[in-house]
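The values are calculated or read from the model by the stated rules, or taken from the named source; none is laboratory data. Worth saying up front: this structure is predicted, and the values here are computed from it rather than measured. No Cβ is skipped: glycine too gets one built from the backbone with ideal geometry, and neighbour counts run over all protein chains shown. Only protein heavy atoms, including side chains, enter the accessible area calculation; ligands, DNA and RNA are left aside. Shrake-Rupley method; radii C 1.70, N 1.55, O 1.52, S 1.80 Å.
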Amino acid sequence: MASSLRRIGKLELFTSRFESSSSSSIISGGTWLRGLSTTTINEERLIPHSQETGNKPINLFSAINQALHIALETDSRAYVFGEDVGFGGVFRCTSGLSDRFGKQRVFNTPLCEQGIVGFAIGLAAMGNRAIAEIQFADYIFPAFDQIVNEAAKFRYRSGNQFNCGGLTIRAPYGAVGHGGHYHSQSPEAFFCHVPGIKVVIPRSPREAKGLLLSSIRDPNPVVFFEPKWLYRLAVEEVPENDYMLPLSEAEVIREGSDITLVGWGAQLSVMEQACVEAEKDGISCELIDLKTLLPWDKETIESSVNKTGRLLVSHEAPITGGFGAEISASIIERCFLRLEAPVARVCGLDTPFPLVFEPFYLPTKNKILDTIKYTVNY
C-alpha cells in the first residue's frame, strides 16, 4: 500500500473525500493520424525512475510551477499567459515567472477565453510554444469553437503544411469542496470527441511535472487538465531536473487479479482507498491510471481486463456521455469473451454540480467499494 500511495502522491490532511523546448529537439520526422502528428518526442528526457536525481517533496501546484519555469528556460519561444498569471494566478501556479522571464513572455490577458485561445493558436502557428491558462476549466467553453474548429483541425485542413502543435491549454478541473456548479466541473469528455488534440490529466505532483513538460513539447495541441483539489493536498518527491513522462501510456499503479479499476486525476486517490478496503475482504484490485484520455492506451486496459475478467471505471464527470462510456464500449468490443460481469461505472450524477450536496454527487470511496463487491460477486 505504501508504495502505491507514494506513486499516487501522498495526500496530507486528506484521507477520504467527504467520508469519515525547441522544435528541432522534438521534431524528427513522422506522419500524422486523426489530425495528430505521430512524430515522437526526444526520448533523451524520458528517463526511468532510477535515473532521477535531486528529488524534493513538493505539492502539485509547485510541480506545475517548476515545469513552467523549465519550459520557459529551455525554450526562448515559450510564452505563458492567461487571466491573472502575471502575479501568480489564483492557484499560484505561475508565481515568479513574470519576475524571472519578463512581462513580454509571461503576461495577463483580458477576461476572454475565446480571445486567449485564439491568440494562443496564432502564436503557436508561428512556431512558438503557447502555454495558455484558462483560470477554471468551467470557463473553457467560450473557447470551445477555437479549440475544436481551429486548433484541432489546423494541421488536417492544411494537408500537414501548417500546424499549431506548440499549443498547450492548462485548466484546473474538478471538485474542490466548495466550488459549486461554476468552479467544479470536469469537462474532459467534451474534448475527447475531437480528433486533432490530446487530452492529459495527471494524478500527482511527479506526474504533473513530467506530463506537462511532455505536453508542452509535444508536436500536437494539448488540453491539460489539472486536479485543483490536489494542488496543495498532494505531496510527493519530485525530481528537480528537467524530465518528461510519455503521453498515451497508462500505468498500472496497483496490481491485482479479481477486478480492474481505471481512473485519472484526483479520482485515483479515492479509488486507491477503495482498493485497500476491498483487500480486507479478500478482493484483489488492479488499479490503472489512464493519464492520457486522447489518444488513450487501450492495450494496457485490455491486457488487464483479460486477466481479471472485470472492469470498473470511475470519474467525477456525469455518467451519461462521460469518457468512462467510451472505455466501457471499447473494452466490451475487445474483451467480450473474457468478461465475467458487466462493466461498471461509478461517476458523478446527471445533474449540475451541486454545492451543499457535493458529497452526494461525487463518486466516493464507499460507492466504489460497494460496486467492486457487487461486480466481483456478480
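Brief remarks on what is shown
- Per-residue [θ]222 nm for the chain (sum of -39500 (n - 2.57) over DSSP H runs n ≥ 4, rounded to 500): -9000 deg cm²/dmol
- Average Cα contact separation per residue, the range 235-296, under 8 Å, 6 or more apart, as relative contact order %: 48 percent
- Gain on full stretching of the segment that runs from Asp370 to Arg100 - 0.36 nm per residue minus C-alpha separation: 92.2 nm
- Values (1) 84, 56, 37; (2) 59, 44, 43; (3) 65, 52, 40 are given for comparison; Cα extents along the principal axes in Å, derived from the coordinates here, is the one labelled (2).
- With a Förster radius of 25 Å applied to the C-beta separation of His178 and Leu349, the computed FRET efficiency comes to 0.90.
- Of the two radii for the range 132-185, the radius of gyration is 1.13 times the Kirkwood radius, both from the alpha carbons; that is the Rg over Rh value.
- Accessible area of the chain belonging to carbon and sulfur atoms, whole % at 1.4 Å probe: 54 percent
- Overall form of the range 68-145: oblate. Here a/c, set by the Cα gyration tensor axes a ≥ b ≥ c, is 1.5 or more, and a/b is not larger than b/c.
- Between Asp84 and Phe336, the FRET efficiency estimated from the beta carbon spacing at R0 = 51 angstrom works out to 0.55.
- R0 of 35 Å, Cβ-Cβ distance Val356-Ser76: FRET efficiency to nearest 0.05: 0.10
- Protection proxy ranking of 175-181, 236-242, by the mean of other Cβ atoms within 10 Å over each peptide's residues and highest first, is 236-242, 175-181.
- Within the chain, the cysteines lacking any other cysteine Cβ closer than 4.7 Å to their own Cβ are Cys93, Cys112, Cys164, Cys192, Cys335, Cys347.
- Estimated dipole of the range 272-378 in Debye, rounded to 20 [Cβ of Lys and Arg +1, of Asp and Glu -1, Cα centre]: 200 debye
- Sites matching trypsin sites (Lys or Arg not before Pro) across the range 48-145 that sit in DSSP coil, with at most 14 neighbouring C-beta atoms within 10 Å: Lys103
- Computed over protein heavy atoms with a 1.4 Å probe, the accessible surface of the range 80-234 works out to 33 Å² per residue.
- The chain, dipole about Cα centre (Lys/Arg Cβ +1, Asp/Glu Cβ -1), debye to the nearest 20: 460 debye
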